Amino acid sequence: MTIEKTTAKPFELSLQDGALAALVLARAIGVGGRDQLVQFLEPSPALGTDALARLDFIEPLIGDMVAARDGLDAVLDMIGATVTPSTIAPFYMLLADYIALYGTASPEEMRLLQRFGEAIGIDRLTRAALDSAAQARATSLT
């Protein structure tokens with residue numbers, strides 16, 4: 001009897017699911033609640049009309065992965081594999097906007113943005129500009 005060796009194909013996310021995973025990752029470190037994430041997603045044309053339905057699948061998956069040893073790195077690698085050169089800035093901007101709206105600019109949030117930027121291949125100068133733009137959009141003038 002011969003045992004055939006096979007290797008499992010790594011789990012892959014679509015571009016939209018990668019963006020959702022990034023937002024869920026921010027929630028995992030304490031940025032916003034489920035209601036705020038849903039409120040953020042509802043008007044977002046970038047993620048498509050079924051973003052909320054996909055969130056029900058992505059949220060427990062990412063939560064379980066992040067809780068595992070080296071889970072954050074695995075999630076960042078998985079998300080990084082979904083981006084293309086033309087989607088790097090919008091991907092980062094989506095996460096930066098969410099954190100600017102619902103975060104507190106804590107060291108954990110800033111570290112997540114840094115690690116996320118590194119995972120998707122965006123340089124420090126561009127990250128700083130996009131972070132500033134997100135902060136400006138989130139700032140109330142009243």
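Just so you know, all these numbers are worked out from the coordinates, no wet-lab data involved. On a predicted model such as this, the values are computed, not experimentally measured, just so you know. For neighbour counting, all protein chains shown are included, and Cβ atoms are generated from backbone atoms with ideal geometry for every residue, glycine included.
A few remarks follow.
- Positive-end extreme of charge dipole, the chain - chosen from 90, 141, 68 (charges on Cβ): 141
- Per residue Cα convex hull volume in Å³ - calculated over the stretch 15-138: 95
- Distance between the stretch 88-105 and the stretch 21-44 - C-alpha centres, whole angstrom: 10
- Between 0 and 90°, nearest 10: helix 51-67 axis offset from the chain longest Cα axis: 70
- Taking a Cβ cut-off of under 13 Å around residue 56, the surrounding Lys, Arg, Asp and Glu residues balance to a net charge of -1, with basic ones at +1 and acidic ones at -1.
- Within the stretch 15-138: Cβ-based charge dipole about Cα centre, in debye rounded to nearest 20 (Lys, Arg +1; Asp, Glu -1): 260
- Against the chain, whose longest principal axis is taken from its Cα atoms, helix 107-120 shows a tilt of about 60°.
- Shape of the stretch 65-108, Cα gyration tensor, a/c cut at 1.5: oblate
- Residue-averaged [θ]222 nm for the chain, counting only DSSP H segments that reach four residues, each worth -39500 (n - 2.57): -21000 deg cm²/dmol
- Extension gain (nm, one decimal) between residue 49 and residue 74, 0.36 nm per residue minus Cα-Cα: 6.3 nm
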